1. Just name one of L150, Y286, L332: the one whose Cα is farthest towards the positive end of the charge dipole of the chain (beta-carbon charges, Lys/Arg +1, Asp/Glu -1).
2. Mind pulling the angle between the C-alpha long axis of helix 39-58 and the longest principal axis of the chain? Nearest 10 degrees, somewhere in 0 to 90.
3. Tell me, what % of the accessible area of region 315-370 is carbon and sulfur with a 1.4 angstrom probe?
4. In whole Å, what are the Cα extents of region 199-296 along the three principal axes, biggest one first?
5. Return the single residue from N62, N255, N325 with maximal mean-square fluctuation; model: Gaussian network over the chain, springs between Cα atoms under 10 Å.
6. For region 246-313, what is the accessible area per residue in Å² when the probe is 1.4 Å?
7. Which residues' amide hydrogens lie under 5 Å from the amide hydrogen of R96, considering only partners 5 or more residues apart or on another chain, with H built in the peptide plane?
8. Heavy atoms of the protein only, probe of 1.4 Å, neighbouring chains included. What is the accessible area of K212 in Å², nearest 10?
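The values are calculated or read from the model by the stated rules, or taken from the named source; none is laboratory data. Predicted model, so just to flag it, every value in this text is computed and none were measured. In this analysis, Cβ positions are derived from the backbone assuming ideal geometry, glycine residues included, and neighbour counts consider all displayed protein chains. For the accessible areas, the whole protein counts, side chains as well, though only heavy atoms, and no ligand, DNA or RNA atoms are used. Shrake-Rupley method; radii C 1.70, N 1.55, O 1.52, S 1.80 Å.
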Amino acid sequence: MILARNIPKVIWIHTILIMAMGLLSLYSASFNNDAVDSSVFYDQLCCAGLGLLLMLVLSHGNYHKFFDVAYIVYGISVFFLILVLVMGHHALGATRWFSIAGFSFQPSEFSKLAVIFFLGRYFSQRRPRLSFNFSSSVQEIWRDLLVPLLLVGMSMVLIFKQPDLGTAILVMGIFLVMLYASGIALKLFWALMGGLVLMMPLAWHLLKPYQKDRLMVFIDPSLDPLGAGYTITQSKIAVGSGELWGKGWLSGTQNQLNFLPERHTDFIFSVIGEEWGLLGGIFLLYCYGIIIYCGFKIARHNKDPFGQLVAIGIVTILAMQVVINIGMVMGLLPVVGITLPLISYGRTSFMVFAILLGFLLNLSRKRTIF
């Protein structure tokens, strides 16, 4: 049992442990290796320092200032999502980045933060009072369900156009969990879920060819063993070969001999599994699990609806990314391009999670309703 007064310390300790494992893994992925530039380690090291400083700053002060600017932040995120489609950098079949003052920026990562704050403010001001019958007016259904769905759907469509299927799925996941947590009637919520499930076959026709290939390879990796199935096959070999204790830091053969593509980004967990083994993977999951547990405890004890919902949104995005990333690395889920929080290389993703955890630390302080 973690006492409420110890939650900030627990979050700090486990966040630093996760960052340290990420830095060690990135160093290994780029060690004496031409396939991955050694600068990724030093970039991430700088991000870790700035991220910890940012967490410290955000852990103090009046968090309700984020409430005041939530709609503005969301509007800015939509603007950047449009801008990246117009003037973004095109690479590997996607347009997801552009540079600002020499630094690359990925708007879809920023949109996760923006959606959480937007929905936190919207639902905290308009707690859904809906039931699945005629007693709920059309106006209430429009205001409490359809308006936020359409606004979040706008971000999803823009992200999907990049294309970035993984982040679009995450944004939808944030919406559904925060909608459920806001108090919507269960009958209406499950009706919405049913409608989304019925629409899934139609989504197949919207996918890019390489996205369809990834889904088909998930079902049968032997369909394209040297193409779409190569990365996941090598990843499973790396994780399995680590066994219980791992091969040791800087000693992973799949990693050091360049068999693992994208091992510094989406497939960084394969490096951890190979070099640190099952115990290293379990320890990393333990660290994430403790932070997620603390987040739910913060949400339960916070009396402010905005604080409750944002805390739930933060632990939702953290849990979803961990589950999806590790699932796809181990071949349990399709490859959708999701990073492992605070582990995978990526400046924007790293700083966004630092902001979210800093906000969670702020929420952990004893609060009353504003």
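1. Of the listed residues, the answer is L150.
2. The helix 39-58 is inclined about 30 degrees to the chain.
3. Taking all protein chains in place, region 315-370 shows 69 percent carbon and sulfur surface.
4. 43, 41, 20
5. N62
6. 37
7. Those lying under 5 Å, H to H, from R96 are H89, A91.
8. Solvent-accessible area, nearest 10 Å²: 50 Å².
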